[in-house]
Amino acid sequence: MPSITVNTHKVEVSAEDLSYDDIVLIAYADRPKMVAWSKLPGAVFTVVYRGGHCPKHEGCLAPRGSVKVKDGMVFSLAITGGA
């Protein structure tokens, strides 16, 4: 099972692909109010990743986007839009 890091927290995942929403849920699993806020219109996170598969081994994950998981990938999230 691949291990990824999301906002400095190491997590094992079983999925081959992770969506923008999956990463937000992983990042804020212990903060249900933040997960609820993320579902509001206008709520936007910037999701940056590195250590992915080539040729696109780093980049930004947009809402409704997904990325193929690779062991050791690192994801960083930041709130960039208010609901």
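The values are calculated or read from the model by the stated rules, or taken from the named source; none is laboratory data. The structure displayed is predicted, hence computed values, not measured ones. When we count neighbours, we look across all protein chains shown, and the Cβ atoms used for this are built from the backbone with ideal geometry, even at glycine.
Listed by first and then second residue, the pairs linking a residue in region 68-83 that is farther than 19 Å from Lys56 by Cβ and part of a loop (DSSP other than H, G, I, E, B) to a residue that is modelled with pLDDT under 95 and not hydrophobic (A, V, I, L, M, F, W, C), with Cβ atoms under 6 Å apart and 6 or more places separating them unless they lie on different chains, are Ala83/Gly42.
Among the residues of region 36-83, just one is at pLDDT below 90 and under 17 Å from Val13 (Cβ atoms), namely His53. Looking only at residues in region 41-75 that are of a type in the set (Gly, Ala, Ser) and out of contact with any helix residue (DSSP H, G or I) (no Cβ under 9 Å at 6 or more places or on another chain), the one that is surrounded by the most Cβ atoms within 10 Å (Cβ to Cβ) is Gly52. Selection of region 1-34 for residues being over 13 Å from Ile79 (Cβ atoms), among the β-branched types (Val, Ile, Thr) and either surrounded by 13 or more Cβ atoms within 10 Å (Cβ to Cβ) or at pLDDT below 90 (or both) yields Ile4, Thr5, Val6, Val11, Val13, Ile23, Ile26.
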